[in-house]
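Enquirer: Before anything else, here's the structure in question.
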Amino acid sequence: MATSIQNLVPPFFCYKSSFPSLSSPIAIFQRGRSRNARKMLRVCRAMVEKTVQGASSTFAKDMERLSAKESLLLAFKDAGGFEALVTGRTTDVQCIDVNERIIGLERLNPTPRPTTCPNLEGRWNFEWFGVGSPVLVLAKFLFGRIPSTLANLSKLDVLIKDGCGTATAQFKLLNSIENKFIISTKYNVEGPLRMKEEYVEGAFESPKVNQEAVPEQLRGAFGQAFNTVQQIPFPIRDAVSSGMKVPLGGTFQRLILISYLDDEILIVRNTAGEPEVLTRLEAVPDPEKITEYES
């Protein structure tokens, strides 16, 4: 009986398990597939985390940039605005506060190559400029020693299009005679940040008189002057009414760096490092191809 049982049950070492051996090809394949699955899972998790972190970082930087822009515009207002800057009524504390906020915004510049960016084109309004800026030099030359009740520079903007600029200074005499001084410039791209600005021509437009704004005590003299002008021969009067142009080609040029540009604010620095801050007046034009600079 014992012999028959032994014949029915195979020896232990001959028993085959239903599980594959750890060294069998099937086990090796299963371990490799498991490792690959875990690796893919880690890669997918890392990609998701990177995407979430990237979106969060971009949103945080956009909010920081928006806050810096609002802070800068508020500093302009606290400093007295354009009129106080032109007439020299800004204090040292106000100037250093504005410059500090300008630097804070420049480090958040979203445009790595502003000189060839379509956002550069459009009409911009001057909000701030340094002591050595030609804008301030011109303003002080024209109005620095004249009381603001007699003459004042009310606005200054520039139109940039197709590598050319047209700067327009609007000023009033006796709060009734409106006039414009226009400077035509040409821009040459010299790098991703650097440009050369050349002044081509200056022009005084014929003045426009708001008769209702003329002071009562000056209306008699104004009427006499107007009648005198009407008696001037037509060719001369026509030449005067079309304005006076002054060629500036080759007499003045400067190098500038664009340190910040987005669709709302433009910051330019001259060779002395003095900033000029401009805000956009018109919508961004349709993007057009701009010639790249040659190194």
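Nothing in this text is a laboratory measurement; each read-out follows from the coordinates by a stated rule. Keep in mind it's a predicted model, so treat the numbers as computed, not measured. Because the Cβ atoms are built from the backbone with ideal geometry, glycine has one as well, and the counts that use them run over all protein chains shown.
Enquirer: Determine the sum of side-chain charges near THR279: Lys and Arg each +1, Asp and Glu each -1, restricted to other residues whose C-beta is under 9 angstrom from that of THR279. Mind dumping the intermediate values first?
Expert: Values: positive: ARG280; negative: GLU127, GLU264.
Charge balance in the 9 Å sphere: -1.
Enquirer: How much FRET efficiency would the formula 1/(1 + (r/R0)^6) give for GLU264 and ASN99, where r is the Cβ-Cβ distance and R0 is 25 Å, rounded to 0.05?
Expert: On the way: r = 20 Å, r/R0 = 0.78.
Efficiency, from the Cβ-Cβ distance: 0.80.
Enquirer: So if I place +1 on the C-beta of Lys and Arg and -1 on the C-beta of Asp and Glu, and nothing else carries charge, what would the dipole magnitude of region 55-98 be about its Cα centre? I want it in debye, nearest 20. Please list the in-between numbers first.
Expert: On the way: 5 positive and 7 negative charges, 23 e Å.
Dipole magnitude for region 55-98 comes out near 120 debye.
Enquirer: Within the set of other residues whose C-beta is less than 11 Å from the C-beta of PHE204, count the net charge using Lys and Arg as +1 and Asp and Glu as -1. Write down the numbers at each step before the final one.
Expert: Details: positive: LYS180, LYS245; negative: GLU205.
Spelling it out: positives minus negatives among the neighbours equals +1.
Enquirer: Calculate, in nm to one decimal, what PHE252 and MET63 gain on full extension: separation in residues at 0.36 nm each, minus their alpha carbon distance. Provide the component values of the computation, followed by the final result.
Expert: Details: separation 189, 0.36 × 189 = 68.04 nm, distance 4.03 nm.
Value of the extension gain: 64.0 nm.
Enquirer: Rounded, prolate or oblate: which fits region 52-128, taking a ≥ b ≥ c as square roots of the Cα gyration tensor eigenvalues, rounded meaning a/c under 1.5, else prolate when a/b beats b/c? Don't skip to the end; give the middle numbers.
Expert: Details: a/c = 2.91, a/b = 1.62, b/c = 1.80.
Oblate, since a/c reaches 1.5 and b/c is not below a/b.
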